[in-house]
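Asker: This is the structure, below, for whatever I ask next.
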Amino acid sequence: MGWRAAIEVVLIVAGFAANLIVLPRDLTSDSSLRFAELSRLLTEHTLSPQRFSLVGPIFASPLWFLGQVNQSSAWWCLRYNAVLLGLGMLVFYLLLRNRLDRSLLRQFFILLIFASMLTQQLTDFDGEIFSALAVMIGALLVAAWRGKAGWPLIVAGVVNAPASLLGVGIMALERVVQTRRLRYLIPPVVAIALVGLEDWIRRGNPLDSGYHGFLGNVGFRTVMPYSGLPGFSYPLFFGLLSILFSFGKGLVFYMPGLFLPVRKRLLALGAAGGEMLAAYRLWIGFLIGMVLVYSRWWAWYSGWYWGPRFFLLGSMVACFVLAVIVRRPSDLLVANVIYLAVLLLSFWVGIDGALFGQNSLTQVCTANNFALEAFCHYTPEFSALWRPFVVNEPLSLSQVIYLSLSLLACLYISLPLLRRLAGQTTAQLVRLRSWYAELAWHI
């Protein structure tokens, strides 16, 4: 193992350990409902009509039982998502270690741990990580012509998050267009059937998602013109604008790498380039489907939660894009400046999610039945991502240690870009000096 590989492995292990040891964990909001439903199933052997799928949480059962003899079930389940990520990265590595540069994979993992929304999501028991990993790995297998293993993973991820049914439909259509084979329409049908089956078992109706008439399925009425309406009542146009560009929840801020061009770089990866491009298209197709669905949902902003958690898969894809780009900086100075800015913003997203979250916003944004919640969605001063620049939030010693580790990871990943930028800037200054020296000045 070379020194670069050693540094990367140390950063991966240290980042994982820091997240598990340093960052606080708590069952909040939706995660507490998922945990309560899992506990009910494992203790009373019954199911409630609660609206969240049990497909993802059921795999946490071994940890739940472990908590019966050590610590507590809640303590272990709060580490479930970290276990999932660790297993997911291992699968990624085993699938691609002989097809892609292993350093690229390690840098991808570093970005996942330090420069994505995962820094916050790993501290909870929510279901987005299960779905995102299942779909990403499944799409990778499908692109590598291992659909018998890939599609079941994708379907499992979709059943865990039924709002992503349109996403799997787009993935299937993309494969139909690419291969001219109609058999790829089967997985979306299977996913729809399984979603309906779980609804039927738990609520007696395959068309009852659990949201109809559910207390809390309607937001509070505020100054916002479409607030207080149920279901898919939000205008598509405004939903798209909000999901993509709002200061508090916008994908362009929380996963900026997602918007960088990467096609040529993927094709340049060698023999696996075509497969990676195919997987990338499947990932993006799935994400587009989710954005279209949630743009109409009244709670497009994912409720009182840090960041656009519904679209966690996009944050993970953005990390892969950045890992590919950073290894091959552009020949253009301006492009590399943009890449560096996106990389730094991505690391800030990870730092903000891990250390600050929404700690200083609760009293403002939830007061008086969330009367001012829109401030946290649309204004930079009250958005979770930018709030630390407005108010002083002291850090504990453990948080300072985590911050220092994040900055070290950022510096290491940025080095190829910084070296190329230094060379390009020097060359540009030399050209400017030569041009200035050649000017003929006359009085």
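The values are calculated or read from the model by the stated rules, or taken from the named source; none is laboratory data. Just so it is clear, the model here is predicted, and its values are computed rather than measured. All Cβ positions, glycine included, derive from the backbone under ideal geometry; neighbour counts span all protein chains shown.
Asker: So residue 205 clears everything in (1) surrounded by 14 or more Cβ atoms within 10 Å (Cβ to Cβ); (2) not in a helix (DSSP H, G or I) except one condition, right? Which one?
Answerer: Evaluating residue 205 over (1) surrounded by 14 or more Cβ atoms within 10 Å (Cβ to Cβ); (2) not in a helix (DSSP H, G or I) leaves (1) as the failure.
Asker: OK, next. What number of residues within the stretch 399-439 satisfy the criterion of being within 19 Å of residue 11 (Cα to Cα) and of a type in the set (D, E, K, R)?
Answerer: Going through the stretch 399-439 one residue at a time, the tally reaches 0.
Asker: Restricting the search to the stretch 163-178, which residues are within 25 Å of residue 209 (Cα to Cα) and crowded, with 23+ Cβ neighbours inside 10 Å?
Answerer: Listed by number, the residues that qualify are 164, 167, 168, 171, 172.
Asker: Something else about it: Looking only at residues that are β-branched (Val, Ile, Thr) and closer than 27 Å to residue 100 by Cα in the stretch 328-348, which one is farthest from the chain's Cα centre (by Cα)? Lay out the reasoning, then the answer.
Answerer: Residues of the stretch 328-348 that are β-branched (Val, Ile, Thr), as a first pass: 334, 337-338, 342.
This time we only want the ones that are closer than 27 Å to residue 100 by Cα, so: 337-338, 342.
Values: 337: 24, 338: 21, 342: 16 Å.
Checking each candidate, the answer is 337.
So that you can scan it fast, the table gives a plain yes or no per residue for (1) part of a loop (DSSP other than H, G, I, E, B); (2) over 23 Å from the mean Cα position of the chain (by Cα):
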{"position": "33", "(1), (2)": "no, no"}
{"position": "37", "(1), (2)": "no, yes"}
{"position": "49", "(1), (2)": "yes, yes"}
{"position": "54", "(1), (2)": "yes, no"}
{"position": "59", "(1), (2)": "no, no"}
{"position": "65", "(1), (2)": "no, yes"}
{"position": "70", "(1), (2)": "yes, yes"}
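Asker: Among (1) within 26 Å of residue 100 (Cβ to Cβ); (2) among the hydrophobic types (A, V, I, L, M, F, W, C); (3) at pLDDT 95 or above, where does residue 237 come up short?
Answerer: Going through (1) within 26 Å of residue 100 (Cβ to Cβ); (2) among the hydrophobic types (A, V, I, L, M, F, W, C); (3) at pLDDT 95 or above one by one, residue 237 breaks only (1).
Asker: Just give me the residues in the stretch 373-393 being surrounded by 18 or more Cβ atoms within 10 Å (Cβ to Cβ), of a type outside the set (Ser, Thr, Tyr) and assigned to a loop (DSSP other than H, G, I, E, B), in sequence order.
Answerer: 384, 385
Asker: Let me ask another. Yes or no: the stretch 412-435 includes at least one residue that is assigned by TED's automatic domain parsing to the domain that holds residue 342, surrounded by 13 or more Cβ atoms within 10 Å (Cβ to Cβ) and closer than 30 Å to residue 220 by Cβ.
Answerer: Within the stretch 412-435, none of the residues are assigned by TED's automatic domain parsing to the domain that holds residue 342, surrounded by 13 or more Cβ atoms within 10 Å (Cβ to Cβ) and closer than 30 Å to residue 220 by Cβ.
Asker: Check residue 295 against each of (1) over 30 Å from residue 144 (Cα atoms); (2) hydroxyl-bearing (Ser, Thr, Tyr); (3) modelled with pLDDT under 95 and name the one condition it does not meet.
Answerer: The number of the failed condition is (3).
Asker: Tell me, which helices (runs of 4 or more DSSP H) lie completely within the stretch 99-162 with 3 or more residues that are of a type in the set (Gly, Ala, Ser) and either in the same structural domain as residue 21 (by TED's automatic domain parsing) or in contact (Cβ under 8 Å) with a residue 12 or more places away in the chain (or both)?
Answerer: Values: elements: 102-114, 118-121, 128-143, 147-160.
Those helices (runs of 4 or more DSSP H) span 128-143, 147-160.
Asker: Restricting the first residue to the stretch 404-423 and requiring it to be among the small types (Gly, Ala, Ser), which pairs with a second residue that is in a helix (DSSP H, G or I) and surrounded by fewer than 19 Cβ atoms within 10 Å (Cβ to Cβ) meet a Cβ separation below 8 Å and a spacing of at least six or different chains?
Answerer: Close Cβ pairs (under 8 Å, with a partner that is in a helix (DSSP H, G or I) and surrounded by fewer than 19 Cβ atoms within 10 Å (Cβ to Cβ)) amount to 414/340; 414/344.
Asker: Only one residue in 143, 193 is of a type in the set (Gly, Ala, Ser) and modelled with pLDDT under 95. Which one?
Answerer: Working: 193 fails: modelled with pLDDT under 95.
Sole residue among the options that is of a type in the set (Gly, Ala, Ser) and modelled with pLDDT under 95: 143.
A quick yes/no check of all residues on (1) surrounded by fewer than 24 Cβ atoms within 10 Å (Cβ to Cβ); (2) among the aliphatic types (A, V, I, L, M); (3) closer than 10 Å to residue 191 by Cβ; (4) touching a Gly at 6+ places or on another chain (Cβ under 6 Å):
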site: 146; (1), (2), (3), (4): yes, no, no, no
site: 149; (1), (2), (3), (4): yes, yes, no, no
site: 155; (1), (2), (3), (4): no, yes, yes, no
site: 158; (1), (2), (3), (4): no, yes, yes, no
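Asker: Taking into account only those residues within the stretch 260-269 that are of a type outside the set (D, E, K, R) and free of Cβ contacts under 8 Å to residues at least 60 places away in the same chain, which is surrounded by the fewest Cβ atoms within 10 Å (Cβ to Cβ)? Show your work before the answer.
Answerer: Narrowing the stretch 260-269 to residues of a type outside the set (D, E, K, R): 260-262, 266-269.
Then keep just the ones that are free of Cβ contacts under 8 Å to residues at least 60 places away in the same chain; that gives 261, 266-267.
On the way: 261: 9, 266: 20, 267: 12.
For the stretch 260-269, the residue satisfying everything is 261.
Asker: Would you check which residues across the stretch 68-95 are crowded, with 18+ Cβ neighbours inside 10 Å and not aliphatic (A, V, I, L, M) and list them?
Answerer: 73, 76, 77, 79, 80, 81, 88, 92
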